[in-house]
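S.K.: Below you'll find the structure I mean.
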Amino acid sequence: MTKVSYITLLFLLVTIPCKSQQIETGVQGGLGNYSMTDLKELNEIVVRLTPFDTKMVHDFPAYFYYRPFILLKLKKISFGLVYTFQSTGSRISARDYSGEYLLDMVVNSSGPGIYDEIVLYGHNNIHYSFYSTFGALFSNLKMKESLVVNDESQTDEKFKFKSFNYYLEAGLKISYSYQFLDFGFNAGFQIQAGDGSFRYSENEDVKLINTENNNPVRPEWNGFRAGLSISYRFPQSSKMPLNP
């Protein structure tokens, strides 16, 4: 999405009269499961080709994500802006009396997006909704490789890569309203769209490549999401009294 799109939507959120609408702002946090197929294959190659025994300590496990948002509520429909930050990582390690080897990879993404939600059923203060969000994915990968033998550093390399893609997430949400507060639980699935591979931060012409098949390596944020949210609904503006 372009900057103009976000500015336009934010302008609408601020300027639309609030006679029958409400502004809602809050934060969601939860656990995400990230496929990262290409990066996991890269780890397998390193383990297989390293001339000494190594151990896969972490291999891009499920990890936390965070999502602040601001929405405009129109009866059973809400829409607005969200920002999603998610991360995960891996570690390959080998250690004995003579030294230590480490290969760490940490990947994260920042995802500005547009959110919409439709209430499917409501009873008292409990509502069941369908939600979806679409946005951009700015991914960053940090790689650090080190080898220490007999207390002397043999290798100490650091690399940074970045990529750009899009994402679509959809799922179901259960929320409970108490006065001007909403508490929610959501469960959904995120799909990454686009072929943006990792490019070296200092030279975008250089790509991260799988040395066995010569394919570029991409982030893959596909996976399930489950989270909790809390938000505040600003009270509706009352009509100004008329002068006698």
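S.K.: Considering only protein heavy atoms and a 1.4 Å probe, what is the carbon-and-sulfur percentage of the accessible area of the chain?
M.R.: 60
S.K.: Just from the alpha-carbon atoms, what are the Rg and Dmax of the chain in angstroms?
M.R.: 22.9, 91
S.K.: Normalised by the residues of the stretch 61-151, what does the relative contact order come to in percent, with Cα pairs under 8 Å and at least six apart?
M.R.: Reported relative contact order: 27 percent.
S.K.: Please tell me the relative contact order of the chain in percent, rounded to the nearest whole number, where contacts are Cα pairs under 8 Å and at least six residues apart.
M.R.: 21
S.K.: Between A226 and Y178, what is the spin-label point distance in nm, taking each point 7 Å from the Cα along the Cα→C-beta axis?
M.R.: That separation, rounded to one decimal, is 2.3 nm.
S.K.: Let's see if you can work this out: charge +1 on each Lys and Arg Cβ, -1 on each Asp and Glu Cβ, no other charges. What is the dipole magnitude of the chain about its Cα centre, in debye to the nearest 20?
M.R.: Using only the charged Cβ atoms, the result is roughly 1520 debye.
S.K.: Another one. What number, in percent, do you get for the relative contact order of the stretch 89-136 if the mean sequence gap of Cα pairs under 8 Å and at least 6 apart is divided by its residue count?
M.R.: 29 percent.
S.K.: Listed highest first by mean packing, meaning other Cβ atoms within 10 Å per residue, what order do 104-117, 25-38 come in?
M.R.: 104-117, 25-38
S.K.: What is the spin-label model distance, in nm, from F64 to F85 if the labels are put 7 Å beyond Cα along the C-beta direction?
M.R.: Reported label-point gap for F64 and F85 is 1.1 nm.
S.K.: For a quick check: with amide H placed at 1.01 Å from N, whose amide H comes under 5 Å from G99's, ignoring anything fewer than 5 positions away on the same chain?
M.R.: N150
S.K.: Rounded to the nearest 10 Å², what accessible area does I77 show when all protein chains are kept and the probe is 1.4 Å?
M.R.: Near enough 80 Å² of accessible area.
The values are calculated or read from the model by the stated rules, or taken from the named source; none is laboratory data. Nothing here was measured: the structure is a model prediction, and the numbers come from that model. We place every Cβ from the backbone using ideal geometry, glycine too, and count neighbours over all the protein chains shown. Please note that ligands, DNA and RNA were not included when accessible areas were found on the heavy atoms of the full protein model with its side chains. Shrake-Rupley method; radii C 1.70, N 1.55, O 1.52, S 1.80 Å.
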